[in-house]
Amino acid sequence: MENKKKADDYTEKLKRTIIELGADLVGVADAEPLKGLKLDPPGLLNDFVAAISIGVRLPGAVFEQIQDCPTPLYAAVYQTANRILDEIAFRAAGTLQNSGFGALPIPASQVLDPKKWFGAISHKAVGRMAGLGWQGKSLLLINPQYGPRIRLVTVLTDAPLKPDAPIKNRCGKCTACQEACPVGAIKGVGT
């Protein structure tokens, strides 16, 4: 019982630290179910028991500028969000290491296979398992507070953290994202 309380306390302390570093969202996923994902390298999760999902909210106004394709302004915001996330993840990994745990920050937008568009691990899948949102009809992670307008990064660790539970999909019969998509790319499947 004492170890569980210590893990719970450390998890909450770490989450507060990550929020203080500039994150808007943070959750913890058990790494075991994530081992079924496409990983690069395949044994990426072998030394880790938890995956920390960290998110930042994107400025809503940048999306209002998009007509039929992303704008240079959107690209700059996207790149800035990735830099911020990478720094938060790097600093969170340092915090974990200073506490005696192993940690590996996975870059926010590193593409390892440009033909299939995948990275080391799916940040969306980690975010979903960490309770930050559900997969919407847009195939994006939908956060209850910020919707799909978030960016994510992941930190893998061997720290015995208390995992969060996934959130139930709340899309139902809603078609708002489908109707709002300027190029009609959202077909409403997968939910």
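With a Förster radius of 35 Å, plug the Cβ-Cβ distance of Gln178 and Asn3 into 1/(1 + (r/R0)^6) and report the FRET value to the nearest 0.05. Each step should come with its number before you reach the end.
On the way: r = 47 Å, r/R0 = 1.34.
According to the calculation, E is roughly 0.15.
Where does the range 47-143 land on Rg(C-alpha)/(2.2 N^0.38 Å)?
1.20
Can you tell which of Ile84, Ile167, Ile66 shows the greatest fluctuation in a Gaussian network model of the chain with Cα springs below 10 Å?
Looking only at Ile84, Ile167, Ile66, the largest GNM fluctuation is found for Ile66.
What's the ranking of 93-105, 122-134, 144-156, 33-45 by average number of surrounding C-beta atoms within 10 Å, highest first?
122-134, 144-156, 93-105, 33-45
Ratio of alpha-carbon Rg to the 2.2 N^0.38 Å globular estimate for the range 1-63, to two decimals, please.
1.42
Which Rg and Dmax, in Å, describe the Cα atoms of the range 110-172?
Cα only, the range 110-172: 12.8, 36 Å (Rg, Dmax).
With the chain treated as a Gaussian network of Cα nodes joined by springs under 10 Å, which of Glu87, Glu179, Glu12 yields the largest mean-square fluctuation?
Comparing Glu87, Glu179, Glu12 in the GNM, the peak value goes to Glu179.
Evaluate the relative contact order of the chain (contact order divided by residue number), counting alpha-carbon pairs under 8 angstrom at least 6 apart; express in whole percent.
The value is 29 percent.
Could you give me the radius of gyration and the Dmax of the chain, taking only the C-alpha atoms into account and expressing both in angstrom?
16.9, 56
Return the carbon/sulfur percentage of the accessible area of the chain, one whole number, probe 1.4 Å, all protein chains in place.
Roughly 55 percent, rounded to a whole number.
For the range 81-191, please report how many Lys pairs fall under 26 Å Cα to Cα, leaving out neighbours fewer than 8 apart on the same chain.
16
With the contact rule set at Cα under 8 Å and sequence spacing of 6 or more, what percent relative contact order holds for the range 63-147?
Contact order relative to length: 13 percent.
Would you mind calculating the relative contact order of the range 2-79 from Cα pairs under 8 angstrom and at least 6 residues apart, reporting the percent as a whole number? Don't skip to the end; give the middle numbers.
On the way: 52 pairs, mean separation 21.6, N = 78.
Relative contact order for the range 2-79 comes out at 28 percent.
Quick check for you: with a 1.4 Å probe and neighbouring chains kept, what is the accessible area per residue of the chain, in Å²?
57
Run the dipole for the chain about the Cα centre, Lys and Arg Cβ at +1, Asp and Glu Cβ at -1, nothing else charged, and hand back the magnitude in debye, nearest 20.
That gives a dipole near 460 debye.
The values are calculated or read from the model by the stated rules, or taken from the named source; none is laboratory data. In this text the structure is predicted, and so the values were computed from the model without any measurement. Neighbour counts are summed over all protein chains in view; Cβ atoms, including those assigned to glycine, are modelled from backbone coordinates with ideal geometry. Protein only, heavy atoms only, side chains kept; ligands, DNA and RNA dropped before computing areas. Shrake-Rupley method; radii C 1.70, N 1.55, O 1.52, S 1.80 Å.
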